[in-house]
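K.L.:
First, the structure itself, so that you have it in front of you.
The values are calculated or read from the model by the stated rules, or taken from the named source; none is laboratory data. Bear in mind the structure is a predicted one, so any value in this text is a computation, not a measurement. Here the Cβ positions follow ideal geometry from the backbone for every residue, glycine too, while neighbour counts run over all protein chains shown.
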Amino acid sequence: MRLAWAMAGLVTLAGPAAAHPHIFMETGIEVLRDSEGRVASLRVTWTYDPFFSLVLITERGLDPDGDGTLTAAETAALQGFDMNWEPGFPGDTYAFAGTEALALSGPRDGVARYEGGRIISSHIRDLEQPVAGLLVVKNYDPTYYTEYTIRDLRAEGCATEIIAPDLTEAERALQAALAELPADVDVEMGFPEVGAVFAQEVRVTCPAP
């Protein structure tokens, strides 16, 4: 949700307060390895849903003729639109060496384009310590304002797996968390942090150096 507000602070999305998510993103993850074969970085690509893409493009005064194509100047103006993160914001991407949480750098080498009515944005996150063996990656918004679905996973020379969440259990966890909210709490503003239980889990195992 912090990422959504950073990108479009003036956007108001209609719908019931508890009807999360509001934004739908497709994710691509590419594993980048160092000279020793260890995982050193992740290239994260986000493809925004058509509605939110249109909102963002319109708010920025881009594509005024509505032909779905940005000029070179408009494309330049789009760069970095979702890279202005608050200090300490994890960027909705979480990495683990097995079960041990790994620190990730802030985003670098961000690039964005508008294609087929959707904004596609990518950036690189560096692992504080390169990883050999099992790497686990999750992409989720804790408040589930944004739903991320991993569509593409690339890790050349490594074994990969995408594990789907148990949506029945996730829905139960959501309903239980909502039931615990005090009656005077604005559900939209105080939505429980259940995004992790709805998240896919990426598993990457690279050969030992």
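K.L.:
Inspect the range 177-187 for any residue being in contact with a strand residue (DSSP E or B) (Cβ under 9 Å, 6 or more places away or on another chain), among the aliphatic types (A, V, I, L, M) and surrounded by fewer than 16 Cβ atoms within 10 Å (Cβ to Cβ) and give the result as yes or no.
P.N.:
Scanning the range 177-187 turns up no residue that is in contact with a strand residue (DSSP E or B) (Cβ under 9 Å, 6 or more places away or on another chain), among the aliphatic types (A, V, I, L, M) and surrounded by fewer than 16 Cβ atoms within 10 Å (Cβ to Cβ).
K.L.:
Would you be able to tell me the number of residues in the range 86-98 that are in contact (Cβ under 8 Å) with a residue 24 or more places away in the chain and within 30 Å of residue 133 (Cα to Cα)?
P.N.:
9
K.L.:
Collect the residues in the range 144-173 that are assigned to a loop (DSSP other than H, G, I, E, B) and within 15 Å of the chain's Cα centre (by Cα), keeping them in residue-number order.
P.N.:
If the condition is that a residue be assigned to a loop (DSSP other than H, G, I, E, B) and within 15 Å of the chain's Cα centre (by Cα), then 144, 145 are the ones that fit.
K.L.:
Among the residues in the range 123-143, are any loosely packed, with under 13 Cβ neighbours inside 10 Å and under 17 Å from the mean Cα position of the chain (by Cα)?
P.N.:
no
K.L.:
Further, regarding this structure: Restricting attention to the range 61-80, which residues are on the phi < 0 side of the Ramachandran plot, at pLDDT below 95 and surrounded by 13 or more Cβ atoms within 10 Å (Cβ to Cβ)?
P.N.:
Once the filter is applied, which keeps residues that are on the phi < 0 side of the Ramachandran plot, at pLDDT below 95 and surrounded by 13 or more Cβ atoms within 10 Å (Cβ to Cβ), the range 61-80 yields nothing.
K.L.:
Another one. From the list 203, 154, which one is more than 24 Å from residue 49 (Cα to Cα), at pLDDT 95 or above and either among the charged types (D, E, K, R) or touching a Gly at 6+ places or on another chain (Cβ under 6 Å) (or both)? It would help to see each step written out before you state the result.
P.N.:
Numbers: 154 fails: more than 24 Å from residue 49 (Cα to Cα).
After applying the criteria, what remains is 203.
K.L.:
Okay, moving on. Can you tell me which residue among 203, 113, 154 is closer than 30 Å to residue 64 by Cβ, basic (Lys, Arg), surrounded by 13 or more Cβ atoms within 10 Å (Cβ to Cβ) and in contact (Cβ under 8 Å) with a residue 12 or more places away in the chain?
P.N.:
Answer to the check: 113.
K.L.:
Take the residues of the range 32-47 that are of a type outside the set (A, V, I, L, M, F, W, C) and under 18 Å from the mean Cα position of the chain (by Cα): which is surrounded by the fewest Cβ atoms within 10 Å (Cβ to Cβ)?
P.N.:
Our first condition is that a residue be of a type outside the set (A, V, I, L, M, F, W, C); within the range 32-47, this holds for 33-38, 41, 43, 45, 47.
Then drop every residue that is not under 18 Å from the mean Cα position of the chain (by Cα), which leaves 41, 43, 45, 47.
On the way: 41: 19, 43: 15, 45: 18, 47: 21.
Looking at residues that are of a type outside the set (A, V, I, L, M, F, W, C) and under 18 Å from the mean Cα position of the chain (by Cα), I get 43.
K.L.:
For the range 12-20, check the following and say yes or no: at least one residue is exposed (fewer than 13 other Cβ atoms within 10 Å of the Cβ) and at pLDDT 95 or above.
P.N.:
The answer is no; no qualifying residue exists.
K.L.:
Does residue 50 fit the bill of being surrounded by fewer than 14 Cβ atoms within 10 Å (Cβ to Cβ), under 22 Å from the mean Cα position of the chain (by Cα) and at pLDDT 95 or above?
P.N.:
When the stated conditions are applied, residue 50 passes them.
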